[in-house]
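To start, the structure under review is shown below, and the notes come after it.
The values are calculated or read from the model by the stated rules, or taken from the named source; none is laboratory data. Remember, predicted model here, so these are calculated numbers, not experimental data. Every residue, glycine as well, gets a Cβ built from its backbone with ideal geometry; the counts of neighbours run over all protein chains shown.
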């Protein structure tokens with residue numbers, strides 16, 4: 001009988017231990033570092049300030065970045081497609097591509113806006129001319145400043161770049177029409 005008592009006592013101890021610790025596959029995580037629990041990370045609040053990236057469609061069909069923070073103008077292959085992206089949405093802004101004479105270029109633009117970013121595409125009717133410099137400008141539509149989607153003021157962006165190659169020569173003007181017109185017959 002003592003064998004049955006010992007077996008019963010062992011079984012009772014095993015069941016008690018199992019009940020006190022819970023199911024083995026549902027055990028709780030042990031606290032980190034001697035009882036100190038890890039702080040919960042705040043949800044990703046996104047970028048602190050707006051970051052812009054500019055890229056172009058290269059002649060081989062791929063996309064290439066145009067560095068924005070250089071002292072010198074980066075050299076870019078001839079293109080007719082530019083894409084500006086921002087890490088936050090923007091309010092009260094305008095985007096323009098300017099030529100060397102500071103004139104706005106004619107383009108077909110499209111934009112996708114959201115609180116988490118902006119994609120602004122510029123399509124030009126002809127590729128940009130080799131040897132010439134251009135500047136992408138992002139500034140306020142009205143007033144003195146524009147804001148991100150969180151209501152914070154954003155600094156104007158002026159990103160200059162130059163198209164690879166020699167400047168194209170201007171075509172000579174057509175010859176003037178002949179003077180005198182038609183001869184009169186007597």
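Taken over segment 134-151, the residue count meeting the criterion of being more than 21 Å from residue 51 (Cβ to Cβ) and in a loop (DSSP other than H, G, I, E, B) is 3. Could you say whether any residue in segment 31-51 is within 30 Å of residue 164 (Cα to Cα) and either modelled with pLDDT of 90 or more or in a helix (DSSP H, G or I) (or both)? Yes, segment 31-51 contains a residue that is within 30 Å of residue 164 (Cα to Cα) and either modelled with pLDDT of 90 or more or in a helix (DSSP H, G or I) (or both). When segment 152-177 is limited to residues that are in contact (Cβ under 8 Å) with a residue 12 or more places away in the chain and outside any strand (DSSP E or B), the one that is nearest to the chain's Cα centre (by Cα) turns out to be 156. Looking across segment 132-156, the residues that are over 15 Å from residue 89 (Cα atoms) and surrounded by 12 or more Cβ atoms within 10 Å (Cβ to Cβ) come down to 132, 133, 134, 135, 136, 137. The set of residues in segment 61-88 being farther than 24 Å from residue 111 by Cβ and outside any loop (DSSP other than H, G, I, E, B) consists of 75 alone. Tell me which residues, restricted to segment 89-104, are part of a loop (DSSP other than H, G, I, E, B) and surrounded by fewer than 17 Cβ atoms within 10 Å (Cβ to Cβ). Across segment 89-104, the qualifying residues are 92, 99, 100, 101, 102, 103. Does segment 46-53 include one or more residues that are surrounded by 13 or more Cβ atoms within 10 Å (Cβ to Cβ), over 30 Å from residue 169 (Cα atoms), touching a strand residue (DSSP E or B) at 6+ places or on another chain (Cβ under 6 Å) and without any contact (Cβ under 8 Å) to a residue 40 or more places away in the chain? Yes, because at least one residue in segment 46-53 is surrounded by 13 or more Cβ atoms within 10 Å (Cβ to Cβ), over 30 Å from residue 169 (Cα atoms), touching a strand residue (DSSP E or B) at 6+ places or on another chain (Cβ under 6 Å) and without any contact (Cβ under 8 Å) to a residue 40 or more places away in the chain. Residue count for segment 106-123, restricted to those that are buried (at least 16 other Cβ atoms within 10 Å of the Cβ) and either in contact (Cβ under 8 Å) with a residue 24 or more places away in the chain or in contact with a helix residue (DSSP H, G or I) (Cβ under 8 Å, 6 or more places away or on another chain) (or both): 5.
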